Amino acid sequence: MLNRLRLEPSRILLNLAVIFIIALWTFPTAGLLISSLRDKNDIAASGWWTALSSADRKQVGRMKGSADQVEKDGKFVISGNLFEGGDGTSGKVSAFGTKVQTPSANAAGSTVTLDAGQTLTVNVDGSYILTSPTKFADERGGRIFFVSSQPPRFTLDNYQSVLFSEGIGRSFINSLTVTIPATIIPILIAAFAAYALAWMKLPFRGLLIAIIVGLLVVPLQMSLIPLLKLYNAAGYFMGVPSKTYLGIWLAHTGFGLPFAIYLLRSYIAGLPKDLIESAQIDGANDFKIFRRIVLPLCFPALASFAIFQFLWVWNDLLVAIVFLGSGPDQLVLTGKLNALLGSRGGNWEILTASAFVTIIVPLTVFFSLQRYFVRGLLAGSVKGG
Amino acid sequence: MKKVLFISAAFAALSLATPALAELKYKPGEDAKFTWANLDALKKVDLKGETLTIFGPWRGDDEKHVQVMLDYFREATGADVKYSSSENYEQQVVIDTSAGSPANISVLPQPGLIADLAGKGLLAPLTADDAKWMVENYGAGQSWVDLGTSKGKDGAKNFYGFSYKTDVKSLVWYSPENFKDAGYAVPKTMEELIALSDKIVKDGGKPWCIGLGSGGATGWPATDWVEDIMLRTQKPEVYDGWVNNSVKFTDPAVINALDIFGSFAKNDAYVDGGHAGVASIDFRDSPKGLFSTPPKCYMHHQASFIPSFFPEGKKVGTDVDFFYFPTFAAKADLGTPVLGAGTLFTITKDSKAARAFIDFLKLPLAHEIWMADGGFLTPLKSANPAAYANDAARKEGAMMASATTFRFDGSDMMPGKIGAGAFWTGMVDFVGGKSSVDTAAEIQKAWDALK
Amino acid sequence: MAEQIIYAFFTVIIGVGGCFGYFYGSNWLLDRIFPANASNDSSAVRNLKMQSMIRPWLFLGPALILLSVYLLFPVVQTFWLSFHDRAGDKFVGLANYVWAFNDDQFRLSIFNNILWLAVVPALCTLMGLVIAVLTDRLWWGNLAKSLIFMPLAISFVGASVIWKFVYDYRGEGQDQIGIINAIVTYFGGSPQVWIALPFWNNFFLMAILVWIQTGFATVILAAALRGIPEDTLEAATIDGAGPFKIFFRIMVPQIYGTILVVWTTITVLVLKIFDIVLTMTNSQWDTSVLANLMFDWMFRGGGDFGRGAAIAIVIMVAVLPIMIWNIRQANKEQSGH
């Protein structure tokens, strides 16, 4: 290894700087991750950072109804525990109240007198005793408001509702069926085109490059109607459905090509000139040069493009809903998750959990392609070749 | 390459060959609240081998409801019904119809959009018999027919949209127990409502939760407020004129309605989060304030669908309830107007099955099934009210039936650029501090800019 | 399910295989028709000449066809539509353009787009370069880069939720669920509706794109840094060059081309920025940009294809300077070869 930048203080400084940037960048995502593990009612009720510590929370519990009353010493008594029955939470009650406006009017353990001679005691452990000189009539018990200290509470429910929804496995396969060819095909086509534009003699080269750059800016939304019309006409002409996998592969390929060609061309054009010239002198034709020399050398660039194209296709919803049907055999993962959100937009718990469900595959791809970004690949193969 | 095409086609055919056998949720003949005779009649319609595609706005739980209803049509006729939806389905309908590959039936919540599509010749008109049936069988039938009627490409007026499934919008949600704890009574008039709001402020609380946030549709909840207020301050004819812009946005009647809305939403003492919060708080989060301890607010004006955004386990009728958004005692002559919304079924690609499906929607059974499944109101007089899933729905249904005036959501009927554009953004600006006069002028300017 | 997987597998094989087949097949065919090792020399020379004339087009062919169908054709169609009325039936001349330039919303969108163009590409590229260089020699550099890259992998819907938890506003005195307002109130300030603050809200939206796209810049630039031959760096170190000198004198010139690629790509992306504005503000509070304006006119409420198309054309014209600049670069390169 090189030992430039090896000065110790600068080394520490470097590490600190990177840690700071990483923290800044991951902080918002951390919020999403923690939110996705929270109870769905809590997500929009308190900041996600508060989920990490135990906090005093104002809560509401409901006492048992008249069916559970017992007569004791001439008094009617209803007793129970506020932490019972609910979602299995426990905690310590510090204060309680019987009116929503004053949820912490009384300290825990104290006894308050209510209307009509009723008394209520709520203890620290959440147990309560309500007594009355007359029989309770309400089937539905009254509310008790209380302040309790809650330990951090996390749940996998949100993931469960996303991962075990019907048909999600199939839509996952559908997404892969769309994404894999829609990533590989443009790489191949673009790599050949990029090589031609970088190293082969052909007329209007500059113009072609400029047009490809110009096509980068074509807003996708604008091309949907003309293309769908074309698909319908082609489908009708050939007697096949207009919304097929082939159709969406080609669509993603078409939309991804300008960027692919642009990126790969700049990389391939930067390869050492003598490398290619010497191969030409050896009598290799361009196809051979491309296959044997250029393709292995531009692996890092291919890998980078593959990642971006994969991400874009994987996360795409618009192209999929327009060019692919929405039956179970064609609905992609993004479409499926979108359908879970309900007619009027999403509930936060599904949004947060599904964001992480979709991110798993792209991250796996990223990590598996990352090993191709290795220094010396270029130099090594030059020496070896 | 061609090979792939054929294989994809074969694949598609393969998946078609194995339709899941539908299991009917409510067994035919079992519950007397359903009009089962309809099902036997429907069985005479033979659509075996026909495919019917339906594109609608319902996703999530709503999609489960619509599938339950569709199962009966599948079972009785043998048709293969494919329902689909998507997040930006309004845009997708435009894309699909313009490109020439729409579903057989597209379900649209906006009459304004229907008028646009019909004007471009992209919708197949329904028959005069369909219109006649609706006049005779729907409560306030003619108004429903008018709602679905617009000009075709040739300029002739036709009936395009068949209303099925409606929502009531004129509701104020509250927690009866919170009202009881504080000693508040449900207001009967708008004057009482305002007095109650003032009282809540005096008691140290915030009366209202209003949230206009809705991602790409931010602002729409405010339009419901303004429409409800219009119906409570002006004659229905003025409302109709406002919707078709013969009464301008800058008309004093509209400005007045804006100002009344402003007296709620722009009043920092009235709303949770202050007027700045109103514009940005998400409409899905906003009603949660009713349930917090202590309550962030006591009342929430929203349509009948909102309980699906209440915290889990909150039962309508006990934990939370609604009352009719009251009228001004000073304007008693306007009766009890009700603002509603709903979905209209249009034929975007004509077929025998599509026509048969519209006929299916005329059967009381088609309404009763969804009524029983929840989240569905109907103006169909012959549908059995006993089929409603709960008392709340029955109460809403009764409210709609007893309305002296029923009007459809005005913003849905305005041209899309206004009703789903300038009106929304205008309301956000208005709540953010712009004056009612400037806001109205801005929206009117956008309307004038339309060709 | 098993059937589906097998089926998916075969469609994938056929799709990708067909593509491979084309390139091998067509090149094989070319070598057969014009054999380079022909019996007599003159025909071999002629054949080689033919080969070198035809082969570029074999290489470029599929790309050019796909680009024409999927991008050029819609552009032509849009150009045509921009001179027609809302349904695309009647010729209206320049009316749509005249309307656009007199429309306040349009002018606002242009202004906002320029703002975005001035800030985002530069910031992304700079951040990307800094991170790529800093993490280049760290033993945990790959992990660091992956974390920076992660936002790029999150869908826009996910991203909009993430940033809700950053910018969210609750009334004074309530629990804030947006981190910025929580910090502001912690230090005694009063909470703000960040995304509704005119003018400044543009920058809050830009932050989201910078957050997402820095990962892109980092990955591309890191790959380019890895491409710098080890020996040049070694030589510089032996000559006693400091880290800054190595960075500016050796690294930056070597990857200059890549820096420009990154900058251009992000610039183009910013020109058509759409999703962030749609999900965060829906163009409200004066945050409208051209792509959103176009989308609104095209698809909202039945659509006005003419006006939508005119705005699309404006977006595409804006890329012209970048195109011209790229032609110059390419020509310079060519003369350098």
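Would you point out the residue of segment C:160-176, among those that are touching a residue at least 24 places away in the same chain (Cβ under 8 Å) and in contact with a Phe, Trp or Tyr (Cβ under 8 Å, 6 or more places away or on another chain), that is farthest from residue B:284 (Cα to Cα)? Reasoning before the result, please.
Quick first cut of segment C:160-176, residues touching a residue at least 24 places away in the same chain (Cβ under 8 Å) only: C:160, C:163, C:167, C:169.
If we keep only those that are in contact with a Phe, Trp or Tyr (Cβ under 8 Å, 6 or more places away or on another chain) too, we end up with C:167, C:169.
On the way: C:167: 17, C:169: 14 Å.
Going through the qualifying residues, I end up with C:167.
Are any residues in segment A:1-54 within 14 Å of chain B (Cβ to nearest Cβ) and either assigned to a loop (DSSP other than H, G, I, E, B) or at pLDDT below 75 (or both), and if so, which ones?
If the condition is that a residue be within 14 Å of chain B (Cβ to nearest Cβ) and either assigned to a loop (DSSP other than H, G, I, E, B) or at pLDDT below 75 (or both), then A:38, A:39, A:41, A:44, A:45, A:46, A:47 are the ones that fit.
Any residue in segment C:141-157 that is in contact with a helix residue (DSSP H, G or I) (Cβ under 9 Å, 6 or more places away or on another chain), surrounded by 20 or more Cβ atoms within 10 Å (Cβ to Cβ), more than 10 Å from chain A (Cβ to nearest Cβ) and polar (S, T, N, Q)?
No - not one qualifying residue is present in segment C:141-157.
Go through segment A:279-330 and report how many residues are within 14 Å of chain B (Cβ to nearest Cβ) and either assigned to a helix (DSSP H, G or I) or more than 19 Å from residue A:173 (Cα to Cα) (or both). Walk me through it before giving the result.
Here is the first cut: in segment A:279-330, the ones within 14 Å of chain B (Cβ to nearest Cβ) are A:315-330.
Remaining after also requiring either assigned to a helix (DSSP H, G or I) or more than 19 Å from residue A:173 (Cα to Cα) (or both): A:315, A:318-323.
Final tally of qualifying residues: 7.
Determine whether residue A:124 is under 40 Å from the mean Cα position of the chain (by Cα) and on the phi < 0 side of the Ramachandran plot. Working first, answer last.
Values: under 40 Å from the mean Cα position of the chain (by Cα): no; on the phi < 0 side of the Ramachandran plot: yes.
Here the answer is no, as residue A:124 does not meet what is asked.
Picking from B:99, B:124, B:118, which residue would you name as being in contact (Cβ under 8 Å) with a residue 40 or more places away in the chain and within 14 Å of residue C:87 (Cα to Cα)? So that I can check it myself, show each step before the final result.
Numbers: B:99 fails: in contact (Cβ under 8 Å) with a residue 40 or more places away in the chain; B:124 fails: within 14 Å of residue C:87 (Cα to Cα).
Being in contact (Cβ under 8 Å) with a residue 40 or more places away in the chain and within 14 Å of residue C:87 (Cα to Cα) holds for just one of B:99, B:124, B:118, which is B:118.
Given the criterion farther than 27 Å from residue A:322 by Cα, surrounded by 20 or more Cβ atoms within 10 Å (Cβ to Cβ) and either of a type outside the set (Asp, Glu) or touching a residue at least 24 places away in the same chain (Cβ under 8 Å) (or both), identify the matching residue among C:34, C:91, C:111, C:101. First the steps, then the outcome.
Numbers: C:91 fails: surrounded by 20 or more Cβ atoms within 10 Å (Cβ to Cβ); C:111 fails: surrounded by 20 or more Cβ atoms within 10 Å (Cβ to Cβ); C:101 fails: surrounded by 20 or more Cβ atoms within 10 Å (Cβ to Cβ).
None of the others qualify; the one that does is C:34.
Results for (1) crowded, with 21+ Cβ neighbours inside 10 Å; (2) at pLDDT below 80; (3) in contact with a strand residue (DSSP E or B) (Cβ under 6 Å, 6 or more places away or on another chain); (4) among the β-branched types (Val, Ile, Thr), shown as yes or no for each residue.
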{"residue": "C:193", "(1), (2), (3), (4)": "yes, no, no, yes"}
{"residue": "C:199", "(1), (2), (3), (4)": "no, no, no, no"}
{"residue": "C:208", "(1), (2), (3), (4)": "yes, no, no, yes"}
{"residue": "C:222", "(1), (2), (3), (4)": "yes, no, no, no"}
{"residue": "C:228", "(1), (2), (3), (4)": "no, yes, no, yes"}
{"residue": "C:252", "(1), (2), (3), (4)": "no, no, no, yes"}
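Results for (1) within 9 Å of chain C (Cβ to nearest Cβ); (2) among the β-branched types (Val, Ile, Thr), shown as yes or no for each residue.
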position: A:161; (1), (2): no, no
position: A:166; (1), (2): no, no
position: A:173; (1), (2): yes, yes
position: A:194; (1), (2): yes, no
position: A:210; (1), (2): yes, no
position: A:217; (1), (2): yes, yes
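Going by the conditions given, is residue C:292 surrounded by 19 or more Cβ atoms within 10 Å (Cβ to Cβ) and at pLDDT below 80?
Working: surrounded by 19 or more Cβ atoms within 10 Å (Cβ to Cβ): yes; at pLDDT below 80: no.
Considered against the rule, which asks whether it is surrounded by 19 or more Cβ atoms within 10 Å (Cβ to Cβ) and at pLDDT below 80, residue C:292 comes out as no.
Just to be sure before I move on: is residue B:183 in contact with a strand residue (DSSP E or B) (Cβ under 6 Å, 6 or more places away or on another chain), of a type outside the set (Ser, Thr, Tyr), without any contact (Cβ under 8 Å) to a residue 40 or more places away in the chain and surrounded by fewer than 20 Cβ atoms within 10 Å (Cβ to Cβ) in the structure I sent? I'd like the intermediate steps shown before the answer.
Details: in contact with a strand residue (DSSP E or B) (Cβ under 6 Å, 6 or more places away or on another chain): no; of a type outside the set (Ser, Thr, Tyr): yes; without any contact (Cβ under 8 Å) to a residue 40 or more places away in the chain: yes; surrounded by fewer than 20 Cβ atoms within 10 Å (Cβ to Cβ): yes.
No, not satisfied.
Does residue C:141 satisfy being modelled with pLDDT of 90 or more and over 22 Å from residue C:290 (Cβ atoms)? Give the steps one after another, and end with the answer.
Details: modelled with pLDDT of 90 or more: no; over 22 Å from residue C:290 (Cβ atoms): yes.
Considered against the rule, which asks whether it is modelled with pLDDT of 90 or more and over 22 Å from residue C:290 (Cβ atoms), residue C:141 comes out as no.
At pLDDT 90 or above, outside any loop (DSSP other than H, G, I, E, B) and not aromatic (Phe, Trp, Tyr): is that true of residue B:441 in this structure?
On the way: at pLDDT 90 or above: yes; outside any loop (DSSP other than H, G, I, E, B): yes; not aromatic (Phe, Trp, Tyr): yes.
Spelling it out, residue B:441 is indeed at pLDDT 90 or above, outside any loop (DSSP other than H, G, I, E, B) and not aromatic (Phe, Trp, Tyr).
Can you list the helices (runs of 4 or more DSSP H) found entirely within segment B:127-212 that contain at least 2 residues being closer than 21 Å to residue B:306 by Cα? Spell out the reasoning first.
Working: elements: B:128-137, B:141-147, B:176-182, B:190-202.
Counting at least 2 such residues, we get B:176-182.
Yes or no: residue B:344 surrounded by 23 or more Cβ atoms within 10 Å (Cβ to Cβ), in contact with a helix residue (DSSP H, G or I) (Cβ under 7 Å, 6 or more places away or on another chain) and among the aliphatic types (A, V, I, L, M)? Walk me through how you get there before you give the answer.
Details: surrounded by 23 or more Cβ atoms within 10 Å (Cβ to Cβ): yes; in contact with a helix residue (DSSP H, G or I) (Cβ under 7 Å, 6 or more places away or on another chain): yes; among the aliphatic types (A, V, I, L, M): yes.
Yes: the conditions hold for residue B:344.
Which one of A:284, A:303, A:260 is within 24 Å of residue C:21 (Cα to Cα), of a type outside the set (D, E, K, R), surrounded by 14 or more Cβ atoms within 10 Å (Cβ to Cβ) and touching a Pro at 6+ places or on another chain (Cβ under 6 Å)?
Details: A:284 fails: touching a Pro at 6+ places or on another chain (Cβ under 6 Å); A:303 fails: touching a Pro at 6+ places or on another chain (Cβ under 6 Å).
Of A:284, A:303, A:260, the one residue that is within 24 Å of residue C:21 (Cα to Cα), of a type outside the set (D, E, K, R), surrounded by 14 or more Cβ atoms within 10 Å (Cβ to Cβ) and touching a Pro at 6+ places or on another chain (Cβ under 6 Å) is A:260.
Only residues that are aliphatic (A, V, I, L, M) and facing chain A (nearest Cβ under 7 Å): list them for segment C:52-71, please.
So the first thing to find is which residues in segment C:52-71 are aliphatic (A, V, I, L, M), and the list is C:53-54, C:58, C:60, C:63-67, C:69, C:71.
The answer is C:60, C:63, C:66, C:67, C:69, C:71.
Here's a check for you: in segment B:379-410, which residue that is within 20 Å of residue B:307 (Cα to Cα) and in contact with a Lys or Arg (Cβ under 7 Å, 6 or more places away or on another chain) is surrounded by the fewest Cβ atoms within 10 Å (Cβ to Cβ)? Can you show your working first?
Taking segment B:379-410 first, the residues within 20 Å of residue B:307 (Cα to Cα) are B:387-400, B:409.
When the remaining residues are screened for being in contact with a Lys or Arg (Cβ under 7 Å, 6 or more places away or on another chain), the result is B:387-388, B:409.
Details: B:387: 25, B:388: 23, B:409: 25.
If we take residues in segment B:379-410 being within 20 Å of residue B:307 (Cα to Cα) and in contact with a Lys or Arg (Cβ under 7 Å, 6 or more places away or on another chain), then B:388 is surrounded by the fewest Cβ atoms within 10 Å (Cβ to Cβ).
Tally up the residues in segment A:251-268 that are facing another protein chain (nearest Cβ under 7 Å) and of a type in the set (A, V, I, L, M), please.
Total satisfying the criteria: 4.
Considering every residue within segment A:230-247, establish whether at least one is farther than 23 Å from residue A:321 by Cα and in the same structural domain as residue A:339 (by TED's automatic domain parsing). Spell out the reasoning first.
Within segment A:230-247, the first condition is being farther than 23 Å from residue A:321 by Cα, and the residues that meet it are none.
Checked against the condition, which is being farther than 23 Å from residue A:321 by Cα and in the same structural domain as residue A:339 (by TED's automatic domain parsing), segment A:230-247 yields no hits at all.
Only one of these conditions is not met by residue C:309: (1) out of contact with any Gly (no Cβ under 9 Å at 6 or more places or on another chain); (2) closer than 17 Å to residue A:221 by Cα. Which number is it?
The number of the failed condition is (1).
When residue B:49 is evaluated against the numbered criteria (1) crowded, with 20+ Cβ neighbours inside 10 Å; (2) modelled with pLDDT of 85 or more; (3) in a loop (DSSP other than H, G, I, E, B), which criterion, by number, is the only one it fails?
The failed condition is (1).
Which one of these does residue B:106 not meet: (1) surrounded by fewer than 17 Cβ atoms within 10 Å (Cβ to Cβ); (2) within 21 Å of the chain's Cα centre (by Cα); (3) within 14 Å of chain C (Cβ to nearest Cβ)?
Failing condition for residue B:106: (1).
If you check residue B:60 against the conditions, is it under 30 Å from residue B:408 (Cα atoms), modelled with pLDDT under 85 and within 11 Å of chain C (Cβ to nearest Cβ)? Show your work before the answer.
Details: under 30 Å from residue B:408 (Cα atoms): yes; modelled with pLDDT under 85: yes; within 11 Å of chain C (Cβ to nearest Cβ): no.
No: the conditions fail for residue B:60.
Select, from C:174, C:213, the only residue that is outside any helix (DSSP H, G or I) and within 14 Å of chain A (Cβ to nearest Cβ). Talk me through it step by step, then tell me what you get.
Working: C:213 fails: outside any helix (DSSP H, G or I).
After ruling out the rest, the residue left standing is C:174.
Please determine whether any residue of segment B:215-232 is in contact with a Cys (Cβ under 9 Å, 6 or more places away or on another chain), assigned by TED's automatic domain parsing to the domain that holds residue B:420, farther than 30 Å from residue A:63 by Cα and modelled with pLDDT of 90 or more.
Initially, segment B:215-232 is screened for residues in contact with a Cys (Cβ under 9 Å, 6 or more places away or on another chain), giving none.
No - not one qualifying residue is present in segment B:215-232.
Suppose we filter segment A:264-278 for residues that are surrounded by fewer than 24 Cβ atoms within 10 Å (Cβ to Cβ) and assigned to a helix (DSSP H, G or I); how many remain?
So the first thing to find is which residues in segment A:264-278 are surrounded by fewer than 24 Cβ atoms within 10 Å (Cβ to Cβ), and the list is A:268-278.
Filter again for assigned to a helix (DSSP H, G or I), leaving A:268-269, A:273-278.
Adding up the residues that qualify gives 8.
Residues being modelled with pLDDT of 90 or more and either of a type in the set (Ser, Thr, Tyr) or in a helix (DSSP H, G or I) (or both): count how many of those fall in segment B:263-285.
Residues flagged as modelled with pLDDT of 90 or more and either of a type in the set (Ser, Thr, Tyr) or in a helix (DSSP H, G or I) (or both) within segment B:263-285 amount to 4.
The values are calculated or read from the model by the stated rules, or taken from the named source; none is laboratory data. Just so it is clear, the structure is predicted and the values come from calculations on it, not from any experiment. Positions of Cβ are backbone-derived with ideal geometry, glycine not excepted, and every protein chain shown enters the neighbour counts.
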